[in-house]
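In what follows, a structure is listed as structure tokens, so that the remarks can point back to it.
The values are calculated or read from the model by the stated rules, or taken from the named source; none is laboratory data. Model, not experiment: these values are computed from the prediction. Quick reminder, even Gly has a Cβ in these numbers, built from the backbone with ideal geometry, and neighbours come from all protein chains shown.
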Amino acid sequence: MSLTPPATPICKPVQVTVIGAGHVGSTLAQRIAEKNLADVVLLDILDGWSQGVALDLMEARGLESHDRRLRGTSDYADTVGSDIVVITAGFPRKPGMSRDDLLRMNGGIVLQAIRQAIAYSPQALFIVVTNPLDVMTYLAWKASGLPPERVMGMAGILDSARFQTFISLELGVSTSDVDAMVLGSHGDLMVPLPHYCTVNGIPITELLDAATIDRLVERTRTAGAEIVELMKTGGAYYAPASATCLMVETILRNRSRLLPVAAYLTGQYYLEDVYIGVPARLGCGGVETILELPLSDRDLKALHKSAEAVRRGIQEALTLL
């Protein structure tokens, strides 16, 4: 008796393409496969690298109890029919470098990625992770010609998770009891919202004094730079991969979760024609709705200041088109 595989797949599996097989992309591919969310195509310009990473992850399938297929490639033709495309490719930050310093270096990479990926997966949703994230998301949207709800950036989820961690450490409570909310650009001008951060429903403003909250807010704003300074030769990738995976899971399983993501605004918060971190409901169609939180004058002013910085970056990025 012999068992041979079918000549063609019985049904089309869900597929996610991850462009960029560096630390973030490779870790994301691992997260997606081990959560049994989708098959993964891992694409990188360095021929052989993504194939090696994919094979390594495939060889762990039995140990991690999943049957998802992972393929490495340097050919965009292998990404055909993807349901979601995640762009992580780009240069990482080095000590002393801001996310904005990467704008011109990474703008060309993102443009090439979006143009080639959409040619093979015109129905896909696109998630941008490359920094400077808000500007790169706008650039990807402009180059794609897609409706803005199908292009989004991973930002607020990561920043909120960092704030959540710092709050839990400060109070000595489980992170599962802490909910945090951070809006604005993915950078030093992000806008953590302490009044919307709670521990089992209790606002942290009732549990921590103002000086402590200010200290945690500042650490959240510089959390990425803190890791870059410690690592010297790279930046964060475990938490960014987890944050991106949460977006992928929410979309593929149509969970309609309310998450802070870089979304296109059309008048919400008195802002328009800009991508910036706001709470949005994600589902199988991408960004389904954007929630407008009542903000204090101070927080709204900070959000607008953050948006203005993104707009300046956008103007420079548009010269690359």
What is the one condition in (1) at pLDDT below 95; (2) crowded, with 19+ Cβ neighbours inside 10 Å; (3) of a type outside the set (Ser, Thr, Tyr); (4) more than 22 Å from VAL135 (Cα to Cα) that ASP39 does not satisfy?
(1)
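Restricting to region 103-117, count the residues that are surrounded by 22 or more Cβ atoms within 10 Å (Cβ to Cβ) and without any contact (Cβ under 8 Å) to a residue 40 or more places away in the chain.
Here the count works out to 3.
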Residues (within 20 Å of VAL14 (Cβ to Cβ) and surrounded by fewer than 21 Cβ atoms within 10 Å (Cβ to Cβ)) located in region 61-73
ARG61, GLU64, SER65, HIS66, ASP67, ARG69, ARG71, THR73
Just a yes or no: is a residue in region 153-162 surrounded by 20 or more Cβ atoms within 10 Å (Cβ to Cβ), part of a loop (DSSP other than H, G, I, E, B), of a type outside the set (Phe, Trp, Tyr) and on the phi < 0 side of the Ramachandran plot?
yes
Complete set of residues in region 263-288 that are surrounded by 14 or more Cβ atoms within 10 Å (Cβ to Cβ) and β-branched (Val, Ile, Thr)
VAL274, ILE276, VAL278, VAL287
Log entry, pairs with first residue in region 19-35 being in the same structural domain as LEU111 (by TED's automatic domain parsing), second being of a type in the set (Asp, Glu), beta carbons closer than 6 Å, six or more apart or on different chains, reads ALA21/ASP44; GLU34/GLU64
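Here is a check on your reading of the model: is ALA124 touching an Asp or Glu at 6+ places or on another chain (Cβ under 8 Å), modelled with pLDDT of 95 or more, buried (at least 18 other Cβ atoms within 10 Å of the Cβ) and of a type outside the set (Phe, Trp, Tyr)?
yes
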Out of the residues in region 14-36 that are among the hydrophobic types (A, V, I, L, M, F, W, C) and in a loop (DSSP other than H, G, I, E, B), which is surrounded by the fewest Cβ atoms within 10 Å (Cβ to Cβ)?
VAL14
